[in-house]
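Since every read-out is calculated from the coordinates, none of them should be taken as a lab result. Note that the structure is a prediction, hence the values are computed from the model and not measured. For neighbour counting, all protein chains shown are included, and Cβ atoms are generated from backbone atoms with ideal geometry for every residue, glycine included.
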């Protein structure tokens, strides 16, 4: 699962850098059907989040406790907030520096009025009224994730408890809701959509739990089937607007996650490789910081400047840009995200023990 997060983060980065990639390496346009589909990593992230959180915390909420709920929120805040705030601060410094230096930038993309809600991870909550992703545009999804922690996680736990009797009807209604929102998946990422994706991950975990509790095993090679389904769906979607891509992606992601939970398939072993596990460890920092680095590269190493350069130079520029993103993510992870998370968790746990 850690390696899967690394792959998903790289897929998002490939989408946001696709114009530069095509400018520097025109032959890469043949892979745009996949590189340009990086937005599909978003449902993967949210479904995986619901699945893992239910796996990690479900037993602690067998009986609901406000103290345990506050502890859960504190641990999640320690996980996401330090790197989030650091990258937002970096973007603020970049915009301020560009203004002082007279560098060209779109001032309308950085409204001062949205800084406070974004700093509090609330800006995605208002996207029903305003199409604003954020000063650091990838962080809208963290705001949505925070909403899921606050409200959708306890709802998921409650539904799964109630599901012991009416689980089939609840699951049927859930599938109908997903099908009804298929068009929404392809156009807007709003909180209702994100909430359903998170719930999808929770239901997926419950399905796995029930299979194992019944003494059965998940079928083998589901990870390979999920990867094949993902590739086929993305490929078909790039050639036909009428193809129901969103539902195909959801189904493929669900099969892939179930397959990876067996930890014995081809792609399970591949994603367990050290390099991909490392990418998974830094995936959150990679996701948050790549927007900042992209803004810097637009000034320091613009792809357009090298469009007519020899292939060797263009390849070097492309590799340098990729290295800059990875180095920045590694520095953010080891310099702030990981130590700050540990420090905050220790402080929070100590406070709970004192109570």
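I'm told residue 59 meets every condition in (1) in contact with a helix residue (DSSP H, G or I) (Cβ under 8 Å, 6 or more places away or on another chain); (2) more than 23 Å from residue 234 (Cα to Cα) except one. Can you identify the failing condition by its number?
Residue 59 satisfies all of (1) in contact with a helix residue (DSSP H, G or I) (Cβ under 8 Å, 6 or more places away or on another chain); (2) more than 23 Å from residue 234 (Cα to Cα) except (1).
For residue 7, indicate whether it is free of Cβ contacts under 8 Å to residues at least 12 places away in the same chain, closer than 30 Å to residue 315 by Cα and either out of contact with any helix residue (DSSP H, G or I) (no Cβ under 6 Å at 6 or more places or on another chain) or in a helix (DSSP H, G or I) (or both). Don't jump to the end; show me each part of the working.
Values: free of Cβ contacts under 8 Å to residues at least 12 places away in the same chain: no; closer than 30 Å to residue 315 by Cα: yes; either out of contact with any helix residue (DSSP H, G or I) (no Cβ under 6 Å at 6 or more places or on another chain) or in a helix (DSSP H, G or I) (or both): yes.
No: the conditions fail for residue 7.
Count, please, the residues in segment 101-113 that happen to be within 15 Å of residue 296 (Cα to Cα) and either in contact (Cβ under 8 Å) with a residue 60 or more places away in the chain or part of a helix (DSSP H, G or I) (or both). Before the answer, list the steps.
Residues of segment 101-113 that are within 15 Å of residue 296 (Cα to Cα), as a first pass: 101-106.
From the residues that got through so far, the ones that are either in contact (Cβ under 8 Å) with a residue 60 or more places away in the chain or part of a helix (DSSP H, G or I) (or both) too are 101, 103.
The number of residues fulfilling the criteria is 2.
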